[in-house]
Amino acid sequence: MEVPSIFLNRILAYAAKRNGSNLHLAVGNLPMARIDDKLLAVEEESIITSELISKIIDLLVSEEEKKKLNEDKEIVIVKELAGEFRFRINIFYQKNFPAINFHFIPSAVKGLPDLRLPLILNNLIKLNS
């Protein structure tokens, strides 16, 4: 079996290099990356097994978080992985199997042009009330 940390780093890097916003891992499916608002299977990888996803969860959560996950069947955490990427990670149960969604948190705040908002909104930002 593949080392979970190597697998996780590889698929997160795959999504990051393509400016993906999300990565979805569910038992019985290929990893799925949301790139340019399209959900795409990571074809180069194999189907996610229950054993692999459990080991990834063990890497990501503390004992206290694991207790909360077992009680609530869902947990949302924020982690920095690979020393530079921040993620909002939602771990939950789907059809009695654990699943994980990673949402990339950008390191830089986007400006109005990046968000494709009208520049006139700059005037609103400058108002005190």
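The values are calculated or read from the model by the stated rules, or taken from the named source; none is laboratory data. Being a predicted model, the structure only gives us computed values, none of them experimental. Just the protein is used for accessible areas: all its heavy atoms, side chains included, with ligands, DNA and RNA removed. Shrake-Rupley method; radii C 1.70, N 1.55, O 1.52, S 1.80 Å.
A few comments on the model shown:
- Legend: residues LEU115, LEU52, sorted from most to least accessible area (1.4 Å probe; ligands, DNA and RNA excluded), read LEU115, LEU52.
- Volume of the Cα convex hull of the stretch 1-109, divided per residue and given in Å³: 109 Å³
- Heavy atoms of LYS38 accessible to a 1.4 Å probe, total area in Å² rounded to 10: 130 Å²
- Here the sum of -39500 (n - 2.57) over DSSP H runs of 4 or more residues, divided by the residues of the chain, equals -10000 deg cm²/dmol at 222 nm, to the nearest 500.
- The Cα atoms of the stretch 61-129 cover 49, 27, 24 Å along the three principal axes, with the biggest extent listed first.
- Among PRO118, PRO106, PRO31: highest mean-square fluctuation, GNM of the chain, C-alpha pairs under 10 Å: PRO118
- Total lysine pairs in the chain at Cα distances under 29 Å, for residues eight or more apart or on different chains: 25.
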